[in-house]
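Working notes, beginning with the structure itself.
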Amino acid sequence: MSAACHDNPAPERGVATGLRRIALIGSPNAGKTTIFNQLTGLRAHTANYPGVTVTRSEGMAHTPAGRVAVEDVPGTYSLSAMSPDEQVVVDLLDGTLPGCPTPDALVVVLDATTLRRSLTLAAQAMARHQPTLVAVTMLDEHAARGGRLDLPALAEALGVGVVGVIPPSGEGIDELRARLDRPQDWAEPPFPPPADSEEQTAWVRSVLAAADYHAPRPDAATRAVDDVLLHPLWGGVVFVAVMFAFFQTIFTVAAPVQDTLQRGLGWLAEQVADHVGHGFVGAFLSEAVIGGVGSVLVFVPQVALLFLLIALLEGLGYMARAAYLMDRIMAATGLDGRAFVAMLSSFACAVPGIMATRTIGSSKTRIATILAAPLMPCSARLPVYVLLVGLLVPSGTRWGPVQAQGLAMFALYVLGGLSAMVSARVLRSTVLRGELVPFYLEMPPYRMPRLRSVLLSSWSSVRMFLRKAGTIIFGTAVVLWALLAFPTRDAETVGLDQAHASAYVLEHSYAAQLGRAIEPVFEPLGFDWRIDLGLVGAVSAREVFVSTLGQVWAATDPEDPSAALAEATYLDGPRAGEPLFSAPTVVALLVWFVYALQCMSTVAVMRRETGSWRWPALALTYLTLIAYAAAWLARLITLAVTT
């Protein structure tokens, strides 16, 4: 797999053509992406664990003499590619990446605290005979831990220019920016580094000696914390506690804001329905826009808090520890810690999670991770879970200090995570059988993340959620509203008063015809045609299920569709008059959404990353079958327990 330049369009017009191109290369977690953000003013995602940048980013840097195009590529320890993301770097430097010209110059970013290892990458870069500049980062941390480094002596030993940079504070960025103007004037090493591995080793030692390099002492605080967090027993206990607190916080902190938003949108829908002159327009605005899209927007507080907490854990450096800790468990599934990093990324969205598998060297392990990643509980499931858990567990229910709704959410996330691992084990034991590739992962020191970085990272993800609400969800809501509203019959036509006419129109709409056509398929799960309609809409994006229910019940109760859900009953058949959202039905719905692959964006990226429709088709088939069987079984068990 290789990423084409047109897959990552330039953020600013004119960046991709007619400008000198500078590529930033460096090992994971060396500060490369932070330098890119400082130079370009863009907001590429950074985090305190390796493997975040899985695609190339491009931006424009203003220099004293003009401007240059700067490219941020995936982190790599070597230019001898062992994984798809490292191959992207090599292809870019070779000029074989489709649509991407060879960079005019290279800036090699080296971490001062790991300089001995990083110099190998610098040697490989200089051996390519392209203008090369070295940017040394983490100098403040290196000095604070007793390290020593003479930058002018390092430049003399390497034979190329060296700039000291402290990316978070911006120190050294102006000097680096100024040097980008004339790469043709950069110094070149009089003798290229040796290609033989043993002689290279000797070259690294000589460079370090010439630069008076003393490695920093180990971070005592990091080591002390890691003694607990990486312990086989206590590390696992802490991990479970962190995840448990994670979901308790989401419900406890965000719920009041969500309630306020819900009341505000309900009031707005009522005002629109009452005061917009044209009945057709008023119905569209109150039911399609506010009842549809608005029913998803009320979950923005939970989604924002989810992304904020993830960004905080990433910035602290805990995610790398979680990946290392989980490597023992992942090995039992036929995967490794790199796969866990990809699955952690899927907590936000399966799309970047699947793209993060580019760091995995083994093709079979990578495909198994791609097929299992959709089972990880993503942010798109959060609105569905919050809605259904709210119907299942009364608000305010507690078991001692534990919030019951948060506990139910935690259980759903655990179920999704365990199911992903079981799925991977089955795949690695059958169609994707093969040996495990050795796993290595750099443990970064703990760092207090900058508030601005955390907020920008979480806002970027929230903005993606809002963009989906304004495009996919809005488009689906408009189509669904039309299906619900036609064929139009007003109160006079059907001979009913206004209170009963809306229910009549709903039951005789095109949407009802569609829902009733598939109702026999889902009847064993306890779903009626209105729920089935939500499942159809959720094929485009899971959140659409919430907006669909909001529209369906807004058509009969625009003032408070959420309350109408709790009071809904079956309309006909042997269950007519019985509660629709009973515990067995809600549990079946929750289990369905744990397993069902209802996200076309995920299917599309699976196709792109695997290069075939074979694997997405397999995922769609097996996950749909599992979702149906598991939901049916969950309903039977709940019926047995509650009756």
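The values are calculated or read from the model by the stated rules, or taken from the named source; none is laboratory data. Keep in mind that what you see is a predicted model, and the values were worked out from it rather than measured. Here the Cβ positions follow ideal geometry from the backbone for every residue, glycine too, while neighbour counts run over all protein chains shown.
Condition check: free of Cβ contacts under 8 Å to residues at least 24 places away in the same chain and either surrounded by fewer than 14 Cβ atoms within 10 Å (Cβ to Cβ) or in contact with a His (Cβ under 9 Å, 6 or more places away or on another chain) (or both). Does ALA221 satisfy that?
For ALA221, the condition - free of Cβ contacts under 8 Å to residues at least 24 places away in the same chain and either surrounded by fewer than 14 Cβ atoms within 10 Å (Cβ to Cβ) or in contact with a His (Cβ under 9 Å, 6 or more places away or on another chain) (or both) - is not met.
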**OP:** Please specify each residue of the stretch 114-135 satisfying the condition of being outside any helix (DSSP H, G or I) and over 22 Å from ARG182 (Cβ atoms).
**Re:** ALA127
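Tell me whether the stretch 520-532 contains one or more residues that are at pLDDT 85 or above, of a type outside the set (Val, Ile, Thr), touching a Lys or Arg at 6+ places or on another chain (Cβ under 9 Å) and more than 23 Å from GLY390 (Cβ to Cβ).
At the first step, the residues of the stretch 520-532 found to be at pLDDT 85 or above are 520-532.
Keeping just the survivors that are of a type outside the set (Val, Ile, Thr) gives 520, 522-530, 532.
Next, from what is left, pick out any that are touching a Lys or Arg at 6+ places or on another chain (Cβ under 9 Å): 524-526, 528-529, 532.
When the remaining residues are screened for being more than 23 Å from GLY390 (Cβ to Cβ), the result is 524.
Yes, the stretch 520-532 contains at least one residue that is at pLDDT 85 or above, of a type outside the set (Val, Ile, Thr), touching a Lys or Arg at 6+ places or on another chain (Cβ under 9 Å) and more than 23 Å from GLY390 (Cβ to Cβ).
State all residues of the stretch 185-200 that are modelled with pLDDT under 80, of a type outside the set (A, V, I, L, M, F, W, C) and farther than 14 Å from GLU156 by Cα; if no residue qualifies, say none. Step through it out loud before you land on a result.
Filtering the stretch 185-200 for residues modelled with pLDDT under 80 gives 190-199.
The next check asks that each one be of a type outside the set (A, V, I, L, M, F, W, C); those that pass are 190, 192-194, 196-199.
Passing the criteria: PRO194, ASP196, SER197, GLU198, GLU199.
Can you tell me how many residues in the stretch 470-493 are at pLDDT below 70, surrounded by 13 or more Cβ atoms within 10 Å (Cβ to Cβ) and assigned to a helix (DSSP H, G or I)? Spell out the reasoning first.
Here is the first cut: in the stretch 470-493, the residues at pLDDT below 70 are 488-493.
Checking which are surrounded by 13 or more Cβ atoms within 10 Å (Cβ to Cβ) leaves us with 489, 491.
Add one more test, that the residue is assigned to a helix (DSSP H, G or I), and what stays is 491.
Number satisfying all stated conditions: 1.
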Subject >> Every pair of residues 6+ apart whose Cβ atoms lie under 7 Å, when the first sits in the stretch 342-354 and is within 18 Å of PRO84 (Cα to Cα) while the second is surrounded by fewer than 24 Cβ atoms within 10 Å (Cβ to Cβ) and modelled with pLDDT under 75 >> reply: SER345/PRO352
Original post:
Could you count how many residues in the stretch 368-417 are under 20 Å from the mean Cα position of the chain (by Cα) and of a type in the set (Gly, Ala, Ser)?
Top reply: 7
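Can you find, within the stretch 225-272, the residue that is surrounded by the most Cβ atoms within 10 Å (Cβ to Cβ) among those that are over 17 Å from ILE290 (Cβ atoms) and of a type in the set (Ser, Thr, Tyr)? Step through it out loud before you land on a result.
Taking the stretch 225-272 as the starting set, the residues that turn out to be over 17 Å from ILE290 (Cβ atoms) are 225-257.
Next cut, of a type in the set (Ser, Thr, Tyr) only: 249, 252.
Values: THR249: 16, THR252: 14.
The residue in question is THR249.
For the stretch 165-193: of the residues being in contact (Cβ under 8 Å) with a residue 40 or more places away in the chain and among the small types (Gly, Ala, Ser), which is farthest from PRO218 (Cα to Cα)?
Taking the stretch 165-193 and keeping what is in contact (Cβ under 8 Å) with a residue 40 or more places away in the chain, we get 165, 167-168, 170, 173, 176-184, 186, 188-189, 192-193.
Those still in the list that are among the small types (Gly, Ala, Ser) too: 170, 178.
Details: GLY170: 25, ALA178: 34 Å.
Within the stretch 165-193, the match that is farthest from PRO218 (Cα to Cα) is ALA178.
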Original post:
Would a scan of the stretch 129-140 turn up a residue that is surrounded by fewer than 21 Cβ atoms within 10 Å (Cβ to Cβ), under 18 Å from ASN29 (Cα atoms) and of a type in the set (Asp, Glu)?
Top reply: yes
Original post:
Can you name the residue in the stretch 239-278 that is touching a residue at least 12 places away in the same chain (Cβ under 8 Å) and among the small types (Gly, Ala, Ser) and is also farthest from TRP553 (Cα to Cα) among such residues?
Top reply: ALA254
Subject >> Condition check for PRO152: surrounded by fewer than 17 Cβ atoms within 10 Å (Cβ to Cβ) and over 19 Å from PRO444 (Cα atoms) >> reply: yes
Original post:
Residue check, VAL242 against (1) in contact with a helix residue (DSSP H, G or I) (Cβ under 6 Å, 6 or more places away or on another chain); (2) outside the structural domain of ALA143 (by TED's automatic domain parsing), all met but one. Which one?
Top reply: (1)
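Taking the stretch 436-454 only, how many residues are closer than 17 Å to HIS142 by Cβ and modelled with pLDDT under 75?
Here is the first cut: in the stretch 436-454, the ones closer than 17 Å to HIS142 by Cβ are 442-447.
Among the residues that remain, those that are also modelled with pLDDT under 75 are: 442-445.
Residues in the stretch 436-454 being closer than 17 Å to HIS142 by Cβ and modelled with pLDDT under 75: 4 in total.
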Original post:
Just one of ARG358, ARG338, ARG398, ARG321 is modelled with pLDDT under 85, of a type outside the set (A, V, I, L, M) and surrounded by fewer than 21 Cβ atoms within 10 Å (Cβ to Cβ); which is it?
Top reply: ARG398
Original post:
From the residues in the stretch 241-252 that are within 14 Å of LEU382 (Cβ to Cβ) and not hydroxyl-bearing (Ser, Thr, Tyr), which one is modelled with the highest pLDDT?
Top reply: PHE246
Subject >> Qualifying residue in the stretch 341-350 (condition: closer than 29 Å to GLY294 by Cα, in a helix (DSSP H, G or I) and either at pLDDT 75 or above or not assigned by TED's automatic domain parsing to the domain that holds VAL238 (or both)) >> reply: yes
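From the list ILE367, ILE354, which residue is among the aliphatic types (A, V, I, L, M) and out of contact with any Asp or Glu (no Cβ under 7 Å at 6 or more places or on another chain)?
Values: ILE354 fails: out of contact with any Asp or Glu (no Cβ under 7 Å at 6 or more places or on another chain).
ILE367 is the lone residue from the list that is among the aliphatic types (A, V, I, L, M) and out of contact with any Asp or Glu (no Cβ under 7 Å at 6 or more places or on another chain).
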